[in-house]
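Chemist: Let me begin by handing over the structure; questions about it come next.
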Amino acid sequence: MSLRSPTGGVDGLSCSVDGVHDAPCIRLTGSLDHSTVGHFREVASRHLRHATTPVRVDLSRLHDIDSAGVAALVNVSLTAKRYNIEVVLVSPTPIVRRVMAYTELDNLLDVE
């Protein structure tokens, strides 16, 4: 069963979650930066605690990411490992993919 859980957002970033009970997918829209990472971490943390399958983070609508955003993706992945859950980054936009390549995040985390 796929459910949708609107989680709202903060100025600059909105998060929504599909597949709340079976295969969570956190969809990010906007910018993942120093002013929005707290909201992302809160949403991810809430869903990681209850996940039983890999958690996907959809980056297809993310138009900007800074070093704080990169750090947040790494921290969320490390938190997931404590729960024995995998985080998979999905469909990064070209700009996000360039930042991931530059920071070698694409070698550290699973990216589809």
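Chemist: Above 23 Å lies some portion of the pair distances; for the stretch 4-111, what is it as a whole percent of all C-alpha pairs?
Modeler: Above the 23 Å cut-off, the stretch 4-111 has 16 percent of its Cα pairs.
Chemist: Can you give me the long-range amide H partners of VAL90? Hydrogens built in the peptide plane at 1.01 Å from N, cutoff under 5 Å, separation of 5 or more residues or another chain.
Modeler: Result for VAL90 returns VAL57, ASP58, LEU59, GLU112.
Chemist: Taking the Cα centre of the chain as origin, work out the dipole magnitude from +1 charges on Lys and Arg Cβ and -1 charges on Asp and Glu Cβ, in debye rounded to 20.
Modeler: Dipole about the Cα centre, nearest 20: 260 debye.
Chemist: If you restrict to DSSP beta bridges whose two residues both lie in the stretch 4-111, what percentage is antiparallel, to the nearest 5?
Modeler: Approximately 45 percent, going by the DSSP bridge assignments.
Chemist: If a helix is a whole DSSP H run, which ones in the chain reach 18 Å or further along their own axis (Cα) and hold a mean Kyte-Doolittle hydropathy of at least 0.5?
Modeler: 67-82
Chemist: Choose one of HIS39, VAL74, VAL96: the residue whose Cα lies farthest towards the positive end of the charge dipole of the chain (beta-carbon charges +1 Lys, Arg; -1 Asp, Glu; about the Cα centre).
Modeler: Highest projection toward the positive end goes to HIS39.
Chemist: Can you give the FRET efficiency to the nearest 0.05 for ALA101 and ARG46, using r as the Cβ-Cβ distance and R₀ = 30 Å?
Modeler: Taking R0 as 30 Å, the efficiency between ALA101 and ARG46 is 0.50.
Chemist: Another question, if that's okay. Per-residue ellipticity at 222 nm for the chain, helices alone: DSSP H runs ≥ 4 residues times -39500 (n - 2.57), over residue total, nearest 500 deg cm²/dmol?
Modeler: Dividing the helical sum by the residues of the chain leaves -11000 deg cm²/dmol.
The numbers here are math on the coordinates, done by the rules we state, and not lab data. As the structure is a prediction and not an experimental result, all values here were calculated from the model. Heads up, the Cβs are rebuilt from the backbone with ideal geometry, glycines too, and the neighbour counts pull from every protein chain shown.
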